Each structure stands twice: as structure tokens, then as C-alpha cells.
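Bear in mind these aren't lab numbers, they're just calculated from the coordinates by the rules spelled out. Treat the numbers as computed from the prediction; the structure is a model and nothing was measured. Ideal geometry is used to build each Cβ from the backbone, glycine not excepted, and the neighbour counts take in all protein chains shown.
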Amino acid sequence: TKYVYDFSEGNKDLKGLLGGKGANLAEMTNLGLPVPPGFTITTEACKAYLDSGEAPAQLRDEVSAHLSALEERMGKKLGQADDPLLVSVRSGAKFSMPGMMDTVLNIGLSDESVHGLAAQSGDERFAWDSYRRLIQMFGDTVLGIRGERFSETLEEAKTARGATTDVDLSAEALKELVTKFKNIVSEETGRDFPQDPREQMDLAVRAVFDSWNGSRARLYRRQERIPHDLGTAVNICSMVFGNLGPDSGTGVAFTRDPASGQQGVYGDYLQNAQGEDVVAGIRNTVPLADLETLDKASYDQLMQIMETLENHYRDLCDIEFTIERGKLWMLQTRVGKRTAAAAFRIATQLVDQGLIDEAEALRRVNGSQLAQLMFPRFDSNGGVKNAEQLGWGIAASPGAAVGKAVFDSYTAIKWSRSGEKVILIRRETNPDDLDGMLAAEGILTSRGGKTSHAAVVARGMGKTCVCGAEELEVDTKRRCLKAPGGKVVEEGDVVSIDGSTGKVYAGEVPVVPSPVVEYFEGRMHAGADDADELVKAVHRIMAYADRVRRLRVRANADNAEDAARARRFGAQGIGLCRTEHMFLGERRELVERLILADTEEERKRALHALLPLQQGDFVELFESMDGLPVTVRLLDPPLHEFLPDITELSVRVALAESRKDANENDLRLLQAVHRLHEQNPMLGLRGVRLGLVIPGLFTMQIRAIAEAAAERKAGGGDPRAEIMIPLVGTVQELELVREEAQEVINEVERERGVGLGLSLGTMIELPRAALTAGQIAECADFFSFGTNDLTQTVWAFSRDDVEASFFTAYLEKGIFGVSPFETIDKDGVGSLVRSAAEAGRATRPDLKLGVCGEHGGDPESVHFFHEVGLDYVSCSPFRIPVARLEAGRAAA
Ligand code: PEP
Ligand code: MG
């Protein structure tokens with residue numbers, strides 16, 4: 001193996017071996033762009049080092065050879081006393097990763113060579129400042145000395161000299177600072193700052209290798225599911241200096257606007273500075289466009305390079321560059337991050353420029369970006385500009401929320417009951433805050449990150465959330481929020497929070513609906529001349545996704561309104577109508593009567609009352625989905641959901657008894673409620689079990705479906721009903737229901753004189769059903785995977801409780817990076833889905849396969865369902881465009 005590659009030996013496709021940074025430096029070198037010469041130590045070398053704890057001997061030799069070649073080329077040796085070659089050492093893994101050691105600049109400076117640098121540059125101040133920076137960065141990142149030891153000493157020096165920025169420190173002052181920094185190194189490590197340049201370099205390389213296994217990097221990889229055995233590459237690059245005077249500087253640039261996708265000159269430039277000064281925000285940068293007046297030649301060259309890079313990468317690139325005394329150098333490039341809106345616009349712009357084809361455009365966007373674009377947002381014209389920004393936190397759950405500030409859940413609930421909109425503000429949330437979070441428009445916390453309780457639960461609820469806004473002080477005792485500028489928000493003051501940007505505003509910021517939703521709703525047309533550019537782009541990409549996708553997309557909907565919206569959003573049918581939702585409200589009592597019926601007569605009467613109501617529901621649903629399949633699932637949830645609360649009822653009866661006026665009905669009800677009470681209702685009398693235990697219940701529902709279909713047919717409609725049985729664990733259950741169903745259907749068909757073409761299938765949502773899918777398929781026309789219950793039962797995680805209880809701990813420990821209720825657990829739950837699909841199709845090749853758990857609208861899961869060969873996914877109406885897009889991406 002070869003452990004070291006000169007920049008001229010690599011290319012952009014070698015990210016696995018050379019890391020992202022190294023591969024792109026190589027690519028730029030080979031494009032003939034001005035990259036300072038250097039070489040990359042491969043991830044293989046890192047792995048060899050990590051495996052054995054020792055750098056391979058061969059690595060040392062290879063580094064020596066490449067270093068010599070570099071020295072030859074530059075005409076000076078690393079750390080040479082009278083004219084030192086200096087290098088930077090930078091990490092660069094395949095994926096960029098927080099927690100990895102970043103950069104050490106100016107390697108090669110020593111007590112001796114600092115004088116050489118001063119002489120060569122003619123700038124003593126610069127030389128000592130460079131040496132000061134080396135010791136500081138080396139001490140912090142390589143030797144593990146707390147960064148504050150250096151930064152505090154620097155601050156002291158500035159104060160002592162009355163300097164406001166480091167640039168105001170004289171050469172003398174910097175010389176003193178170097179002495180102090182060296183003392184810190186000796187004190188903290190028990191040895192002197194290394195003077196041998198090669199030793200500096202080797203130690204820095206080793207530190208980069210070691211940082212691969214730092215705890216933050218490991219945690220990040222666990223959460224992002226990045227394998228631990230990739231290793232990182234190390235880039236050794238000859239130094240160029242942006243801090244050699246006013247004709248030098250450093251900057252960052254994008255080849256187009258990463259916010260809107262618009263082409264133009266975007267970036268920042270800082271004169272007489274090095275890269276980390278920009279990041280540290282020590283001095284103010286100027287817009288990149290100003291470079292044209294500062295240094296026209298470099299500016300023109302940069303513009304040309306940007307064009308070269310865009311055409312070459314066929315994408316938006318971001319760039320770091322340095323100008324050393326009028327000479328432009330490219331230090332880094334990569335395909336740049338962008339906002340969701342820009343991703344869509346850039347993808348279609350590149351198609352129009354002929355740089356990519358439509359399939360590639362589809363790969364350049366994704367469903368989470370589309371989902372982000374579907375939230376309402378603050379009015380960017382005027383609204384946000386005039387708003388007073390209080391602070392900034394982590395954008396944890398998207399959307400725009402406005403309401404009165406409340407500081408505890410009790411107040412949130414109380415105020416929202418009286419019709420107020422509230423924003424719940426807490427330092428952090430815990431399970432006691434659940435009801436308050438539900439009552440609020442949005443949630444704001446000052447602590448915690450993307451996996452904090454507030455963030456996880458808010459995302460689960462679909463509530464807007466900004467978390468970890470650390471600059472805002474939440475005072476729950478005094479019930480107020482203090483912003484850094486001194487502004488105080490009292491309880492009841494209106495605040496606005498933006499869960500897509502993390503920004504927090506005082507007062508009410510006007511909210512505008514998402515143009516993308518307006519488009520899907522048919523209220524905005526992509527063809528109109530003045531149509532929003534974003535809408536045009538979304539329209540084009542959706543059309544392409546629809547053309548290539550194999551998966552069909554249906555909706556989970558149980559009323560005509562949702563069904564109609566789903567259809568506008570592109571649903572190709574209903575994959576799940578949860579009939580229990582049709583029994584709530586006023587009808588609950590009818591169900592209660594059915595459950596409590598003592599005699600055959602009473603039960604019949606209850607069923608008889610329910611039948612026409614159900615039938616009416618179905619007629620509406622079939623009408624709104626005319627010509628498309630509608631899967632109606634028979635009653636599923638535990639019975640107690642239809643009965644009065646056991647505690648409330650017990651108290652009422654006890655009170656009545658103490659007054660000696662208990663009423664007969666309540667006593668009977670209490671008895672029944674006790675009889676039906678279960679410790680684990682989710683594992684209890686629900687689904688098909690209900691249908692088999694309560695005579696007439698399923699027959700009534702099946703009759704309602706059949707009658708509704710007949711009614712639609714008679715009216716010239718095209719109903720396509722599918723009857724679905726929930727919670728089946730064994731084929732025997734399904735056989736019993738099927739027999740019963742067939743009788744009813746035959747009867748209705750006979751009476752009405754029409755064929756109804758009804759099919760009957762089952763949910764696969766219990767492990768036993770998945771394991772015996774081959775048998776179950778004998779009796780089913782279709783399977784629909786209920787991945788909510790399947791996840792619940794495979795993991796033994798209560799789907800109603802876990803997200804709010806211990807999931808944050810699991811996420812923080814990196815046991816999984818995302819809730820298995822959100823993204824399908826491919827290895828566990830997913831493997832059951834795969835094998836059940838195969839077994840089902842083996843029994844019955846024409847078996848229709850779908851999924852109707854929440855995963856049906858989750859981007860990553862959609863790809864999985866495509867891959868295992870399902871026919872359709874079904875999801876809530878708002879997720880339909882996301883599922884269409886991802887189904888297209890999976891097929892493209
Ligand atoms: C499921 O379990 O995945 C499902 C779709 O049914 P429900 O969510 O209604 O239990
Ligand atoms: Mg279920």
C-alpha cells in the first residue's frame with residue numbers, strides 16, 4: 001500500500017482514501033488551479049496507526065520522501081533557519097465531523113526560524129505573530145492544553161498594552177507573548193515546546209489520527225451511523241499567508257447564493273488576516289464584491305476559478321482562499337451546503353444550463369428539504385426585517401410559531417384553554433411538560449441540543465421548537481426571559497419563534513403560508529409567468545419523480561376532507577382508513593351501548609343504529625377517492641378507549657353511594673368497565689380479537705362497506721374498496737373473519753344485483769404475523785405492514801410513552817441516531833418486513849404489498865420499502881409529496 005499521495009496524484013473520487021478535503025485539493029491541483037503544493041496521508045495510514053498504536057515504519061519513509069520533494073519544489077527546507085518552509089496540518093475525513101482535530105498552521109517555526117521568517121517577509125511583527133499562533137494552536141489541539149490558558153493570556157497582553165485587536169500588538173509585545181506561551185507549554189506538559197520542525201509535524205499528524213477516536217467524534221459517528229473504521233486522512237500543505245499586509249487577505253466564497261440559489265458573487269473577505277480570524281469574528285469582513293476594488297486582478301481570477309469549479313463539479317461549490325501579497329491561492333473547495341429552497345432551485349438551474357440531467361437533479365434534493373419547505377414561515381419581506389431579534393438557538397423542529405410567553409406548563413394549558421396562543425418557554429423540558437407542550441404553539445428552551453427532550457418530543461408532535469438558545473436567560477421564578485441586549489420578555493408578552501432558522505423575535509411576526517403548499521393545494525400555478533421560482537422548481541422535480549417512481553403513494557385518511565386534500569397532494573388512493581376515528585364524538589355512546597349490551601336484542605339495536613352512520617362515512621370517502629383504491633380497516637383500538645375513565649367513574653359512584661343515591665346504570669357501567677379493564681391494553685382486546693369476540697361488530701362494518709360501494713355503483717361511481725383486518729397474529733383468525741365477510745358480501749351483491757369486487761387483506765403488524773406470512777397469505781388478497789405496531793412489538797417499546805421518557809437518553813448515548821418509530825429499523829423490524837414480503841409473495845405471487853405505518857412518509861424508510869419491493873406506501877396527507885419525491889429518488 002501507498003500511504004502518501006501528492007496533491008497531483010489524487011482526485012475527487014478518492015474521498016474514502018484521501019478524505020473530502022484531500023480529494024478536492026487534488027482535484028483542484030489537477031485542474032491547474034493555484035493550490036499551495038502539499039501531500040495527503042491516507043485514511044489507510046490512520047487505520048494502520050489506530051490498529052497497532054504505532055505509525056507504520058513505511059509511513060515515516062514515505063512522508064520523508066514527499067517532504068523532500070516538496071522542499072525541493074519550494075526551494076527551502078521545513079523550518080530552515082534563514083528561510084523556513086512552513087506547512088499546515090489539517091484533518092480530513094470522508095465526512096466532515098465535529099470533534100475531529102481541525103488545523104495546525106505555521107508548523108516549522110522555532111526560536112531560530114522565526115528570525116528567518118522575519119527577514120524573508122521583512123515583517124518582524126508578522127513573524128512573531130505567526131509563531132505565537134503556532135504555539136497556541138499546537139498547545140491546544142496537539143498537546144491538549146485548555147485553550148483558555150492561551151486566550152486569557154492574550155487578552156491580558158492586549159489589556160496591558162491598551163490594544164483592542166491582536167493587530168494592535170507590536171512585535172515586542174508578541175515576542176513577550178511567545179515567551180509566555182512557551183512557559184504555559186512547559187508548565188502544562190512538563191517539557192518544552194518542540195523546536196524540531198519534523199517532530200512538530202509528526203506530533204500534529206499523530207494528534208489528527210488520535211482525534212478520530214475522540215469521544216465527541218465517536219458519539220457523532222454513532223448518531224449519524226458513520227462507520228468507526230473509516231479513519232481520517234491528514235493534509236500537509238505549504239503555508240501561504242493572508243496576513244502579510246494590506247495586499248494580503250483571506251476569504252470564503254460560494255459559487256452561487258446558498259440561500260436562494262441565485263447566481264452572483266457571494267462571500268466575505270478579510271484584509272490582512274488568516275483563515276481563523278474570519279471564523280473567530282475578531283474583525284469585520286467586507287462583502288466579496290469589494291475585493292474587486294481592493295485587488296482587481298485577484299478578483300477576476302477568483303471569478304474565473306469559481307466558474308471553472310462550478311462547471312467541473314456541476315454544483316454549487318464553497319471555497320476558501322487566501323491572497324498573499326497579490327497572489328491568489330485556493331485552500332479548499334467542496335460541494336457547498338445550501339438551504340432547502342436553494343437545493344430545488346439550483347438543481348433545476350443546473351438542468352437548464354445543461355450541466356446535469358433530470359435524474360441527477362432528483363438526486364440533488366430530498367424529502368426532508370421538501371418537508372421543510374411545506375411549513376408556514378415568517379414573512380421575509382418586511383415582517384422579519386422589522387422584527388426585533390432577541391436571540392438565536394438551535395432550529396430543532398421547523399415551522400413558525402407566535403404566541404404569548406408562558407413559563408410553565410400549567411399556565412400554558414390554562415391560557416390555551418381560554419383560547420390564547422402561547423409559546424412555552426423553559427430552561428429545558430421533561431416528561432411533566434408534555435401537556436404544556438401539546439397546548440403550546442411552539443416551544444423555546446435555553447438548554448439542550450437537537451436530541452434534548454424538548455427537541456425530540458416537539459418533532460414527534462410536529463410542534464415548532466427552538467432549543468438551546470443559550471444567550472437567552474430563562475427565569476422561571478420571575479417568569480421572564482432576558483435577552484443579551486437587556487430586553488426582558490415578561491409572561492404574556494408576545495414572542496415569535498422560527499423553528500427552521502432557530503431565531504427568536506420579540507412581538508408578533510406575520511406568518512405566511514408556504515408557497516409550496518399553496519402550489520400543492522392548487523392555489524398557485526407553476527405555469528403562471530409570475531410564479532415563484534421555487535414553486536416552478538418544485539413542480540418540475542415532482543413531475544420527474546412521478547415519472548420514474550415505481551412505488552405508488554396512498555394516504556392515511558379517515559374523512560372526506562383529508563381524502564380530498566390527499567388527492568390534491570397526489571395520493572393514488574387511501575392505504576389506511578382508521579374506522580375507530582369514526583366512532584368518536586357523539587357516536588361514542590352508541591359504541592358504549594354495544595359493548596355493554598346484555599342481551600342479543602340490545603346489541604342488535606346498537607349495531608343497527610351504527611350501520612347507517614358508517615355507511616354514510618364510506619359513501620363520502622369512496623366518492624372523494626372515486627376510481628382509486630380505499631383500504632378500510634375494521635375497528636382496531638382497545639375497547640376501554642370507548643368507555644368512561646375508570647377512576648372518574650369510580651369516584652362518581654363512590655360519592656353517590658355515600659349519599660345513598662347510586663344509580664343502577666352507573667353501577668352496571670362501573671362493573672363493565674372493571675371487567676374490561678386491562679393492564680396492557682395495547683396487548684389486549686383490540687384488532688381482530690374484538691371482531692371475533694363481539695358478535696356482529698365486524699359484520700356490521702363489512703355490510704356498511706358493501707352497501708356504500710353498492711350505493712356508489714348505483715350512482716355511477718367507481719368505488720374500489722379493500723377490507724383490512726388489523727392485528728392478525730395467525731391465519732386462523734383471518735379465516736374466520738373471511739368466512740363471515742364473504743357471506744355478508746355475497747348477500748349484499750345478491751340483494752343489489754351488482755358485483756362489488758371487494759378484496760380482503762390484513763395488516764402485518766405483529767411479529768408472529770410476519771413470521772408466518774407464508775401461511776397468512778393463503779387467506780389474504782393484500783398485506784399492509786403496520787410498522788408502528790410492528791416496531792412497538794419487535795422492540796417492546798410502548799409507542800405512546802418511550803419518545804417522551806428514555807429516548808433522549810438513548811439518542812444521546814448513540815444507541816440509535818433517530819427514533820425507530822420515525823425511521824424504520826432496517827436490521828430488526830425491516831428484516832421482518834422483507835422476509836414477510838418474500839414469504840407472502842412465494843405463497844401468492846399477485847399479493848399486493850403496502851405499508852401504512854408512519855414510516856410510509858419518512859424519506860429513508862421509503863427507500864427501504866422501494867428496495868424490498870412493496871407496491872405502495874401510505875402516509876398522512878401532508879407527507880404525500882415527500883413520499884412521492886423519495887419514491888422517485890429511490891427509482892432514479
Ligand atoms: C400501525 O400499527 O403501523 C398502523 C398503521 O396502525 P395504527 O397506527 O392505527 O395502530
Ligand atoms: Mg397498528
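Once you sort the root eigenvalues of the Cα gyration tensor of the chain as a ≥ b ≥ c, which label holds: rounded (a/c under 1.5), prolate (a/b larger than b/c) or oblate (the other case)? Provide the component values of the computation, followed by the final result.
Working: a/c = 2.34, a/b = 2.01, b/c = 1.17.
Verdict is prolate for the chain.
Of all lysines in the structure, those lying under 16 Å Cα to Cα from LYS175, and not within fewer than 8 positions of it along the same chain, are LYS158.
Taken about its Cα centre, the range 375-512 carries a charge dipole of roughly 140 debye when the Cβ of each Lys and Arg holds +1 and the Cβ of each Asp and Glu holds -1. Put simply, the amide H of GLY391, placed in the peptide plane, has neighbours under 5 Å in VAL504, leaving out anything fewer than 5 places away on its chain.
Nearest-5 percent of antiparallel DSSP beta bridges in the chain?
Details: 63 of 101 bridges.
So the antiparallel bridges in the chain amount to around 60 percent.
If you fit an axis through the alpha-carbon atoms of helix 731-752 and take the longest principal axis of the Cα set of the chain, what angle between them do you get, 0 to 90°, nearest 10? Value to nearest ten degrees: 60. Close amide-amide hydrogen proximity is noted between THR631 and ILE574, GLY575, LEU576, CYS577, GLU722, each under 5 Å apart and 5 or more residues distant or on a separate chain (H modeled in the peptide plane; Pro and chain starts excluded).
Checked against a 27 Å cut-off, the cross-linked pairs LYS180/LYS482; LYS337/LYS536; LYS421/LYS450; LYS327/LYS385; LYS477/LYS813; LYS2/LYS77 give Cα-Cα distances beyond that limit for LYS180/LYS482; LYS327/LYS385; LYS477/LYS813.
Annotation for the range 233-264 versus the range 579-627: alpha-carbon center distance of 68 Å. Which percent, nearest 5, of DSSP beta bridges in the range 375-512 are antiparallel? DSSP beta bridges in the range 375-512 are roughly 70 percent antiparallel. Among ALA233, LEU203, SER248, pick out the residue whose Cα is farthest towards the positive end of the charge dipole of the range 192-253, where Lys and Arg carry +1 and Asp and Glu carry -1 on C-beta, about the Cα centre. Result: ALA233.
For the chain, take the longest principal axis of its alpha carbons; what is the angle in degrees between that and the long axis of helix 340-352, to the nearest 10 within 0 to 90? Its long axis makes an angle of about 80 degrees. Ordering SER113, ALA217, PHE193 by the projection of their Cα atoms onto the charge dipole of the range 91-218, which places +1 on the Cβ of Lys and Arg and -1 on the Cβ of Asp and Glu, puts ALA217 at the extreme positive end.
Given axes a ≥ b ≥ c from the Cα gyration tensor, I'd like to know whether the range 479-630 is rounded (a/c under 1.5), prolate (a/b larger than b/c) or oblate. Here the range 479-630 falls in the oblate category.
What shape does the range 375-512 take by its C-alpha gyration tensor, where a ≥ b ≥ c are the square roots of the eigenvalues and a/c under 1.5 counts as rounded, a/b above b/c as prolate, and the rest as oblate? Judged from the Cα gyration tensor, the range 375-512 comes out rounded (a/c under 1.5). Normalised by residue count, the range 4-238 yields a Cα convex hull volume of 133 Å³ per residue. The mean sequence distance of close C-alpha pairs (under 8 Å, at least 6 residues apart), as a share of the length of the chain, puts its relative contact order at 9 percent. By the helix-only formula, in which each DSSP H run with n ≥ 4 contributes -39500 (n - 2.57) and the sum is divided by residues, the chain has a 222 nm mean residue ellipticity of -13500 deg cm²/dmol.
Taking only the C-alpha atoms of the range 764-892, Rg followed by Dmax gives 14.7, 44 Å.
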